[in-house]
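A short worksheet on the structure shown next.
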Amino acid sequence: MASGRQLAMRFRAVRVHEFGAPSVLKVEDSVSLPFDQLGAKHVLIRYRAAGVNPVETYQRSGVYAALPSLPYTPGKDGGGVVESVGADVTHVKPGDRVATFGSLTGSYAQYGVSDESTVIKIPDSMSFEQGASVGIPYTTAYRALFVKGAGAAGKTVLVHGASGGVGTAAVQLARLRGMTVLGTASTSEGRDLVTRLGAHRVFDHSKPGYTDEIMRATDNKGVDIIVENAAHINLGADAAMVAQNGRIVVVGSRGEVSIDPRNLMRKEAMVVGVMLFAATVQELADSARDLEDIFATSNVAPVVGETFAMNDAPRAHEAVIANAKAGKIVLALD
Ligand code: NAP
């Protein structure tokens, strides 16, 4: 078990003292953890990299429904090495290489604390930057495909927005589980990546008429499951593309949209939302263990698109909400 002295350490972290533009992300050199001792199920991790997710930009700007108390250290996802563990932690031990999707103290930092249920071991073949890319993207993709989407071998899935964090994870997991995978991306680099990750067909969502191409690829039957990363643009088209008894799983949406509900009625199709933070502790722990097995036994691994230094956190935030994705945005925490 960690001692109070260990948790009294000082380290570098990105801090936010006021909500606003990316420039409010400032590196501080002598940050401490808000705990004196580790709780029984706590894991202290020396992060080497942090995953940068769109939600952290919404929170930083102050317009998200659930805002942290100021000041705070952003980030839920990290990759690093276990430093010490609480008295009741059994799954990991000091020295283990791990990823977390649930930093309790903020992962844009050299050190942080997670509950054991949100920590998974990563194989030696996986870099810390890749480990930092596991968290929210893979857990969300898993929930969208298998918990809410009822994805299974033999079904067809469209990953609408397949080139980013959630999309690349969804393509790999769907392919691994025997699904027919269609993906979209707006750049040739993104489409090449999605093809390399195992998609059977890839389309350009910036090209007029691409939804007709998708329908032709399904012999006009439509798609069993649509993992939708931009519902504010695509939900109406999805309702037209979904198959009989299909499911549209809304993962991302940045605004309102209008759809023709008759497209859902005649196919008895379903629209279902995903909110990772609404998952139960047990659901998250179950998907974490399954993902740990997948990483240990398959070639599924996160794709890092661009790595930024801690001082460049503002640029990382700009990059994560820009279009033209080809993998995950991460922060290096040396
Ligand atoms: P990301 O890495 O920034 O990727 C964004 C993806 O959206 C890219 O693949 C991008 O493709 C694609 N995209 C852009 N315009 C599109 C369009 N018109 N049609 C289809 N796709 C389009 O973000 P992420 O981490 O994967 O997250 C994706 C979305 O899900 C974000 O809105 C995020 O906030 C949300 N999210 C929600 C949850 C949840 O619990 N509900 C969890 C995680 C993420 P190109 O760049 O190739 O155009």
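When the residues of region 187-203 are narrowed to those that are β-branched (Val, Ile, Thr) and either under 19 Å from ASP224 (Cβ atoms) or touching a Phe, Trp or Tyr at 6+ places or on another chain (Cβ under 7 Å) (or both), which ends up nearest to the ligand (Cβ to nearest atom)? Here the answer is VAL194.
Taking first residues from region 58-70 that are within 13 Å of ARG15 (Cα to Cα) and partners that are among the charged types (D, E, K, R), the Cβ contacts under 9 Å between residues at least 6 apart in sequence or on separate chains come to LEU70/GLU18. Looking only at residues of region 270-279 that are of a type outside the set (Phe, Trp, Tyr) and within 13 Å of the ligand (Cβ to nearest atom), we find that the one that is farthest from the chain's Cα centre (by Cα) is VAL272. The single condition among (1) out of contact with any Phe, Trp or Tyr (no Cβ under 9 Å at 6 or more places or on another chain); (2) of a type outside the set (A, V, I, L, M); (3) surrounded by fewer than 18 Cβ atoms within 10 Å (Cβ to Cβ); (4) in a strand (DSSP E or B) that ASP36 does not satisfy is (4). Against the numbered list (1) part of a strand (DSSP E or B); (2) in contact with a His (Cβ under 6 Å, 6 or more places away or on another chain), ARG254 comes up short only at (1). Listed by first and then second residue, the pairs linking a residue in region 238-265 that is free of Cβ contacts under 8 Å to residues at least 60 places away in the same chain and closer than 14 Å to ASN220 by Cα to a residue that is away from the ligand (no atom under 16 Å from the Cβ) and part of a strand (DSSP E or B), with Cβ atoms under 6 Å apart and 6 or more places separating them unless they lie on different chains, are GLY246/ASP224. Checking PRO94, PRO68, PRO74, PRO123 one by one, the residue that is in a loop (DSSP other than H, G, I, E, B) and surrounded by 24 or more Cβ atoms within 10 Å (Cβ to Cβ) is PRO74 and no other. Among the residues of region 280-300, the one identified as in contact with a helix residue (DSSP H, G or I) (Cβ under 6 Å, 6 or more places away or on another chain), among the small types (Gly, Ala, Ser) and within 16 Å of the ligand (Cβ to nearest atom) is SER287. If you check THR168, THR184 for being within 12 Å of the ligand (Cβ to nearest atom), more than 24 Å from ASN245 (Cα to Cα) and crowded, with 24+ Cβ neighbours inside 10 Å, only one passes: THR168.
Would you call GLY327 of a type outside the set (Lys, Arg) and farther than 30 Å from ARG12 by Cβ? When the stated conditions are applied, GLY327 does not pass them. The set of residues in region 171-181 that are part of a strand (DSSP E or B) and within 13 Å of the ligand (Cβ to nearest atom) is empty.
When VAL223, VAL202 are checked against the criterion of being touching a strand residue (DSSP E or B) at 6+ places or on another chain (Cβ under 7 Å), hydrophobic (A, V, I, L, M, F, W, C) and farther than 27 Å from VAL52 by Cβ, a single residue qualifies: VAL223.
Of the candidates TYR58, TYR47, the single residue that is surrounded by fewer than 19 Cβ atoms within 10 Å (Cβ to Cβ) and not in a loop (DSSP other than H, G, I, E, B) is TYR58.
Yes/no per residue for (1) under 19 Å from GLY190 (Cβ atoms); (2) modelled with pLDDT under 95; (3) in a strand (DSSP E or B); (4) more than 9 Å from the ligand (Cβ to nearest atom):
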{"site": "THR211", "(1), (2), (3), (4)": "yes, no, no, yes"}
{"site": "ASN220", "(1), (2), (3), (4)": "no, no, no, yes"}
{"site": "ASP224", "(1), (2), (3), (4)": "no, no, yes, yes"}
{"site": "ALA239", "(1), (2), (3), (4)": "no, no, no, yes"}
{"site": "ASN245", "(1), (2), (3), (4)": "no, no, yes, yes"}
{"site": "ILE248", "(1), (2), (3), (4)": "no, no, yes, yes"}
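Count of region 290-318 residues, restricted to those that are of a type outside the set (Asp, Glu) and more than 23 Å from GLN172 (Cα to Cα), is 9.
The values are calculated or read from the model by the stated rules, or taken from the named source; none is laboratory data. Predicted model, so just to flag it, every value in this text is computed and none were measured. Reconstructed Cβ throughout: ideal geometry from the backbone, glycine too, with neighbour counts over all protein chains shown.
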